[in-house]
Amino acid sequence: LQSIQDAFAQATGVASIITDIDGTPITAPSNFCRLCIDIIRKTEKGLHNCMHSDAMLGRQNLEGPIMQPCLSGGFWDGGASLSLGERHIANWLIGQVRHSNLDMSRMESYATEIGSDETAFRGASQEVPIMPKEQFAHVCQALFLIANQMSNLALRNYQQAKYIADQAAAESALRKSEAKYRDLIVGASQGVTVLQDGLLRFVNPAFLAIFEQPREALLGQHWINLVHPEDRKEVLAYRPHGADDDSPPAPCGCRVMVNGDEVKWLELHMVDLEWERRPAVLQFMTDVTERE
């Protein structure tokens with residue numbers, strides 16, 4: 001912000017500062033004339049008047065820049081508001097130029113009013129740069145366009161930062177939710193698996209007990225390869241219970257192969273879910289071999 005302000009002031013020959021909406025400076029002054037920075041603003045009343053003038057100059061105006069004589073020193077100033085969407089957040093102010101000969105009687109009267117040394121005030125007044133009103137109007141219009149572009153960029157940056165923060169919060173909540181359900185599933189008495197593209201992505205201890213194999217031997221296998229060949233068609237045709245379904249379908253019964261030759265009977269329920277941000281199936285199985 002400071003670099004943009006400094007470059008603008010240097011290129012246009014005007015003084016420049018960015019303030020809060022009440023006139024409190026945010027940036028350091030750029031190209032300020034000696035009269036304003038070393039004399040008027042060094043008095044309590046002069047500083048108060050300057051801040052009031054800055055607040056008036058920077059008031060929100062979506063149609064164009066504000067250009068008017070300073071309410072403190074009387075020189076011509078311009079201003080444009082900086083916004084975040086519809087929220088007015090700062091003022092960009094320029095000026096400290098004069099268009100013609102100074103009214104020295106008025107300037108000396110103002111010096112007395114704010115308690116400044118009249119001789120110093122008069123000398124510094126002569127140093128204020130002269131600029132035709134038309135040229136200053138062009139500078140103010142350029143200020144307005146740049147301020148609008150900065151406001152649009154600020155809004156996009158804010159929206160992007162908010163989106164990133166919301167995404168991070170959602171991912172954190174998802175991780176906590178997955179961890180919570182993982183803990184519940186690990187302790188479940190039923191066998192539980194997560195299938196993704198037909199592959200075993202997660203298995204709980206009860207599932208390992210059914211198949212009497214270590215986790216490493218089962219993870220990554222295609223689930224249908226564990227099903228008895230005569231029951232595979234029925235299992236593949238069984239549809240998972242969706243989130244919008246009013247009631248789950250009847251369970252699917254099937255046989256599975258354990259250690260190559262042992263057969264067990266299972267009762268299956270399947271539910272659609274999202275696992276690591278991809279579609280998957282949560283599968284519950286109960287060993288009903290003794291009943292069969």
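The values are calculated or read from the model by the stated rules, or taken from the named source; none is laboratory data. All of these numbers come straight from a predicted model, not from anything done at the bench. For neighbour counting, all protein chains shown are included, and Cβ atoms are generated from backbone atoms with ideal geometry for every residue, glycine included. Calculation scope for accessible area: heavy atoms of the full protein, side chains included, ligands and nucleic acids excluded. Shrake-Rupley method; radii C 1.70, N 1.55, O 1.52, S 1.80 Å.
Computed over the chain with a Gaussian network model linking Cα atoms closer than 10 Å, the most mobile of I26, I224, I146 is I224. Per-residue accessible area (protein heavy atoms, 1.4 Å probe) orders V263, V192 as V263, V192, starting from the largest.
Can you tell me which of 31-41, 175-185, 57-67, 128-138 comes out highest on packing, and rank the rest after it, using the mean Cβ neighbours within 10 Å? Can you show the working numbers first?
Numbers: 31-41: 19.8, 175-185: 12.2, 57-67: 16.7, 128-138: 14.1.
Taking the mean over residues of other Cβ atoms within 10 Å, the ranking is 31-41, 57-67, 128-138, 175-185.
Dipole orientation for the chain: of the candidates T193, C36, Y110, Y110 has the Cα lying most toward the positive pole (charges on Cβ; Lys, Arg +1; Asp, Glu -1).
Surface composition of region 133-257: carbon plus sulfur atoms contribute 56% of the solvent-accessible area (1.4 Å probe, protein chains only, all chains present).
Going by accessible area, probe 1.4 Å, with all protein chains left in place, what is the ranking of L153, L199, largest first? Walk me through the numbers on the way to the answer.
Details: L153 85, L199 65 Å².
Listed by decreasing accessible area, they come as L153, L199.
Take every pair of alpha-carbon atoms less than 8 Å apart whose residues are at least six positions apart; their mean separation over the length of region 154-228 yields a relative contact order of 21 percent.
If you roll a 1.4 Å probe over region 1-108 with all protein chains in place, what percent of the accessible area is carbon or sulfur? Summing carbon and sulfur atoms, their accessible area is 52 percent of the total for region 1-108.
Test of understanding: in a Gaussian network model of the chain with alpha carbons linked when under 10 Å, which of A55, A120, A237 would top the mean-square fluctuation ranking? It is A237.
Net charge near L71: determine it from the other residues with C-beta under 10 Å of the C-beta of L71, scoring Lys and Arg +1 and Asp and Glu -1. Please report the intermediate quantities before stating the final value.
On the way: positive: none; negative: D54, D77.
Every neighbour counted, the sum reads -2.
Relative contact order, percent, of region 28-125 when contacts are C-alpha pairs under 8 Å separated by at least 6 residues? Provide the component values of the computation, followed by the final result.
Numbers: 133 pairs, mean separation 25.1, N = 98.
Rounded, it is 26 percent for region 28-125.
What is the distance in Å between the Cα centres of region 33-86 and region 1-23? Taking the Cα centre of region 1-23 as reference, the centre of region 33-86 is 12 Å away. Taking a ≥ b ≥ c as the square roots of the eigenvalues of the Cα gyration tensor of the chain, is the shape rounded (a/c under 1.5), prolate (a/b larger than b/c) or oblate? Verdict is prolate for the chain. Taking Cα atoms only, the orientation of helix 104-114 departs from the longest principal axis of the chain by about 60 degrees. Axis of helix 133-186 versus longest Cα principal axis of the chain: the two differ by about 20°, to the nearest ten degrees.
A 1.4 Å probe over all protein chains sorts V281, V235 by accessible area into V281, V235, starting with the largest.
Along the axis of the charge dipole computed for the chain (Cβ charges of +1 for Lys and Arg, -1 for Asp and Glu, origin at the Cα centre), the listed residues V288, M51, H99 are led at the positive end by H99. Protein heavy-atom accessible surface, 1.4 Å probe, per residue over the chain: 55 Å². Note the angle between two axes, namely the Cα long axis of helix 2-12 and the longest principal axis of the Cα atoms of the chain, as a number of degrees from 0 to 90, rounded to the nearest 10. Here the helix axis deviates by roughly 40 degrees.
In whole percent, what relative contact order does region 53-175 give with Cα contacts below 8 Å and a gap of six or more residues?
Details: 150 pairs, mean separation 29.8, N = 123.
That works out to 24 percent.
What does the charge add up to near H99, with Lys and Arg as +1, Asp and Glu as -1, over the other residues with Cβ less than 11 Å from its Cβ? Provide the component values of the computation, followed by the final result.
Numbers: positive: R98, K133; negative: E134.
After counting each charged neighbour, the total is +1.
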